[in-house]
1. Considering each of Val212, Val187 in turn, give the residue that is touching a residue at least 60 places away in the same chain (Cβ under 8 Å) and either of a type outside the set (Gly, Ala, Ser) or on the phi > 0 side of the Ramachandran plot (or both).
2. (1) more than 14 Å from Val239 (Cα to Cα); (2) open to solvent by 20 Å² or more (accessible area, probe 1.4 Å): which one isn't true of Leu304, the others all being true?
3. Got a sec? Which of Glu35, Glu54, Glu49 is open to solvent by 10 Å² or more (accessible area, probe 1.4 Å), in contact with a Pro (Cβ under 6 Å, 6 or more places away or on another chain) and within 24 Å of Val109 (Cα to Cα)?
4. Among the residues of region 319-343, which ones are out of contact with any Gly (no Cβ under 9 Å at 6 or more places or on another chain), surrounded by fewer than 20 Cβ atoms within 10 Å (Cβ to Cβ) and closer than 19 Å to Leu56 by Cβ?
5. Tell me, please, whether a residue that is farther than 19 Å from Phe140 by Cα and open to solvent by 10 Å² or more (accessible area, probe 1.4 Å) can be found in region 83-98.
6. Taking Ser102 as meeting all but one of (1) in contact (Cβ under 8 Å) with a residue 40 or more places away in the chain; (2) touching a Gly at 6+ places or on another chain (Cβ under 6 Å), write down the number of the exception.
7. For region 171-211, enumerate the residues that are under 24 Å from Val44 (Cα atoms), open to solvent by 40 Å² or more (accessible area, probe 1.4 Å) and either polar (S, T, N, Q) or in contact with a Ser or Thr (Cβ under 7 Å, 6 or more places away or on another chain) (or both).
Amino acid sequence: MDIGIDSFAAILPDPETGERPSATDRMAELLDEVELADRVGLDVFGIGEHHRAEFLDSAPTVILAAAAARTRRIRLTSAVTVLSAADPVRVFQEFATLDLISHGRAEMVVGRGSFGEAFPLFGLDTRAYDDLFAEKLDLFLRLGETSHPHWQGRFRPGLSGQGVFPRPHQERLPVWIGVGGTPQSFVRAGILGLPLMVAIIGGTFERFRPLVDLYREAGARAGHAPAALKVGVHAMGFVGDTDAAARDAFFPGWAQLTATVGRERGWSPPTRAQFDDMAGRDGAFLVGAPDTIAAKIERASEALGGLARLTFQMSTASRDHVAMRRSIELLGTAVAPLARAAA
């Protein structure tokens, strides 16, 4: 099992003072985090894509390229690329370039995105939310097959053999499909035979088993080998020397960001009791000491019929860079070896 980190490059005010860190300093800290993750033996580091004031990841390939120059072995991925709101040709060129810079360590998780800001920002109609993704994914996958594609669609001018360069270092860029809770998205990933990355940001791991089964069944019916139908999970996570230390470090930033998003979506304000419940034995938050987290990873893998990858979303704790570094160190040196041994 691959163990890694996903970051949204969060830049949150201090919950106590209200002071916001410098964007320049936060970016420097993020690159330091990627470098540390590489050094302690983690398998993958992902950068999200958002177009909001709370995050600095609107240009993830730029961040990943900077990280590639400072790392040696860790795989570098998006988490996720909002393909619906992008030009697939340009996205392919950017990630192919990243793959060259990193000597073949680039990957992608593509999806529709959980926020809608990108659509009006780039002049797109949110009513075509799913159709845009389906068409652009089709083109993107076609670009991986040939450097001179012939392709026609509804939302983008067609291609009639124009060259798309550069080509990546790897024979094919690895592409995962990022999904939330929509059954059609799980089925689509299965039909295409692409690896699945499931965002589980609350509740329990078990409740996603029917959807993961749907993915595997769709893939099998489409003729894909079971080995091709890999499942990964993106979950809230943070590691501390004790369960209490991890929870105390992660909660304030998580609560602040959840409250901000919740006000937009009509959610009730988050509470510490809710957080502690999700960080408990049966909840989907991987927040605690190394032994606690390793045991939860094993249970999560069993609940979902086996996992190929698990990535920790820990960037809401970014206000405390010392705690972030300690969490990354513990994840790489204590949690990952236990999780791999149990896989």
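The values are calculated or read from the model by the stated rules, or taken from the named source; none is laboratory data. If you're wondering where the values come from, they're calculated on a predicted model, not measured in any experiment. All Cβ positions, even for glycine, are placed from backbone atoms using ideal geometry, and neighbour counts span all protein chains on display. Ligands, DNA and RNA are stripped out before the accessible areas are found, and what is left, the full protein with its side chains, is counted by its heavy atoms. Shrake-Rupley method; radii C 1.70, N 1.55, O 1.52, S 1.80 Å.
1. Numbers: Val187 fails: touching a residue at least 60 places away in the same chain (Cβ under 8 Å).
Going through Val212, Val187 in turn, the sole match is Val212.
2. (2)
3. On the way: Glu35 fails: in contact with a Pro (Cβ under 6 Å, 6 or more places away or on another chain); Glu54 fails: in contact with a Pro (Cβ under 6 Å, 6 or more places away or on another chain).
Result: Glu49 is the single residue among Glu35, Glu54, Glu49 that is open to solvent by 10 Å² or more (accessible area, probe 1.4 Å), in contact with a Pro (Cβ under 6 Å, 6 or more places away or on another chain) and within 24 Å of Val109 (Cα to Cα).
4. Across region 319-343, the qualifying residues are His321, Arg325.
5. To start, the set of residues in region 83-98 that are farther than 19 Å from Phe140 by Cα comprises none.
No: region 83-98 contains no residue that is farther than 19 Å from Phe140 by Cα and open to solvent by 10 Å² or more (accessible area, probe 1.4 Å).
6. Going through the list (1) in contact (Cβ under 8 Å) with a residue 40 or more places away in the chain; (2) touching a Gly at 6+ places or on another chain (Cβ under 6 Å), Ser102 breaks only (2).
7. Listed by number, the list holds a single entry, Thr204.
Every residue, every condition in (1) among the basic types (Lys, Arg); (2) modelled with pLDDT under 95; (3) in contact with a Phe, Trp or Tyr (Cβ under 8 Å, 6 or more places away or on another chain), yes or no:
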{"site": "Ala218", "(1), (2), (3)": "no, no, yes"}
{"site": "Gly262", "(1), (2), (3)": "no, yes, no"}
{"site": "Ala273", "(1), (2), (3)": "no, no, no"}
{"site": "Asp282", "(1), (2), (3)": "no, yes, no"}
